[in-house]
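Right, one structure below, let's go through it.
The values are calculated or read from the model by the stated rules, or taken from the named source; none is laboratory data. Treat the numbers as computed from the prediction; the structure is a model and nothing was measured. Note: ideal-geometry Cβ built from the backbone for every residue, glycine included; neighbour counts use all protein chains shown.
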2 protein chains.
Amino acid sequence: MRLTRAGEYAVRCMMYLCCLGVGNTGSRKEIAQAMDIPAQFLGKIAQQLARAGYIEIVQGPKGGFRLIVPPEEVTLLGVVEAVIGEIYLNDCLMRPESCFRSPTCTVYGVWETARRQLRQTLEQTTFAGLLEEPSCFTILDEN
Amino acid sequence: MRLTRAGEYAVRCMMYLCCLGVGNTGSRKEIAQAMDIPAQFLGKIAQQLARAGYIEIVQGPKGGFRLIVPPEEVTLLGVVEAVIGEIYLNDCLMRPESCFRSPTCTVYGVWETARRQLRQTLEQTTFAGLLEEPSCFTILDEN
DNA sequence: GATAGATATGATTCATTTTATCCTATTTGA
DNA sequence: TCAAATAGGATAAAATGAATCATATCTATC
């Protein structure tokens, strides 16, 4: 019941790009090194972030990734779900047919509540907000 | 980021035993059939529930599992964590050393909040409460 | 006390998911 | 045109989760 490494990498990547600011390109290699992400794997993750509309991928020399949405509009939920898919906490909610019990199950209701709270918390968090306070990622400011 | 099957089975098993009430033994086979759980696997899960102090395992003929804690005191969180371990939503929180960033990381803080909310929601849910309302599990009342 | 019915427990297998990498293709700035 | 960079499909490697097997142990009953 944990965020996958891919999800974590996506967050790190977006943190980096948000520090660079909208429109500024960072190369895959540069981001991979700074954020401790396997470079090839980062490529895959970037594709998903691009499909979700958060970044733009630039090929060729001087290529890389660049943010195309202001950090104020990028939420932690959005980034995470762009990579790991919509968050569900149990199978019952995602695939009701996996459980022979009815949709009026009381346990189901609790998980639904928990899921809603979790997604809401992640949705209320924007990358602009994450960067406001001094954080571990302020290491980037030194560049 | 989902509850494992083992966790789901544990909940089902406890629902069944709570229906039977404290002190009443249900055989592994009986519970496995009623709750759609692989019998052997249920054995493993029962061991964990026993270690956590929720149930007692009775060997020999007429053996099986029996609840030893009133349903009012059994929480969804307790049962789930007895089987899958303490809930963490990301590695950073569980193993801070897995992240080279500091513990003052702002992202860390959000996950911590999310985790706290999730665990609280599950903790506030008792099996007595789950059984109060008509639910999919009321099928058991027909026995 | 012997037996049969029940669970315990360690080992093992099987399946799925996640993580990571390889390789060829494509793009593009100089 | 070339070289630097990413794309993207395929594949491998690793980790996790799910389930089962085989043997051991317990205990109600006769």
Tally of residues being near DNA strand D (Cβ under 6 Å from one of its atoms) and in contact (Cβ under 8 Å) with a residue 12 or more places away in the chain across the stretch A:51-63
1
Scan the stretch A:22-36 for residues that are more than 12 Å from DNA strand D (Cβ to nearest atom) and modelled with pLDDT of 95 or more and jot them down.
A:Val22, A:Gly23, A:Asn24
Here are some conditions: (1) under 14 Å from the mean Cα position of the chain (by Cα); (2) surrounded by fewer than 18 Cβ atoms within 10 Å (Cβ to Cβ); (3) under 30 Å from A:Tyr9 (Cα atoms); (4) of a type in the set (A, V, I, L, M). B:Leu77 meets all but one. Which one does it not meet?
(2)
What about B:Pro38, is it surrounded by fewer than 16 Cβ atoms within 10 Å (Cβ to Cβ) and away from every other protein chain (no Cβ under 12 Å)?
yes
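Criterion first (in contact (Cβ under 8 Å) with a residue 60 or more places away in the chain and touching a helix residue (DSSP H, G or I) at 6+ places or on another chain (Cβ under 6 Å)) does A:Ile84 satisfy it? Spell out how you get there, then give the answer.
Details: in contact (Cβ under 8 Å) with a residue 60 or more places away in the chain: yes; touching a helix residue (DSSP H, G or I) at 6+ places or on another chain (Cβ under 6 Å): yes.
Considered against the rule, which asks whether it is in contact (Cβ under 8 Å) with a residue 60 or more places away in the chain and touching a helix residue (DSSP H, G or I) at 6+ places or on another chain (Cβ under 6 Å), A:Ile84 comes out as yes.
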Within the stretch A:13-58, the residues that are away from DNA strand C (no atom under 12 Å from the Cβ), in a helix (DSSP H, G or I) and aromatic (Phe, Trp, Tyr) are A:Tyr16
Taking the condition of being within 16 Å of DNA strand D (Cβ to nearest atom) and over 12 Å from the mean Cα position of the chain (by Cα), how many residues in the stretch B:11-21 meet it?
0
By residue number, the members of the stretch A:59-80 that are within 16 Å of DNA strand C (Cβ to nearest atom) and among the aliphatic types (A, V, I, L, M) are A:Ile68, A:Val79, A:Val80
Single unsatisfied condition, A:Gln124 versus (1) buried (at least 17 other Cβ atoms within 10 Å of the Cβ); (2) under 22 Å from A:Arg2 (Cβ atoms):
(1)
Selected residue [assigned to a helix (DSSP H, G or I), under 30 Å from A:Gln117 (Cβ atoms) and away from DNA strand D (no atom under 14 Å from the Cβ)] from A:Glu81, A:Glu8:
A:Glu81
Quick test of your reading of the structure: A:Arg66 fulfils all but one of (1) within 10 Å of the chain's Cα centre (by Cα); (2) not in a helix (DSSP H, G or I). Name the failing condition by number.
(1)
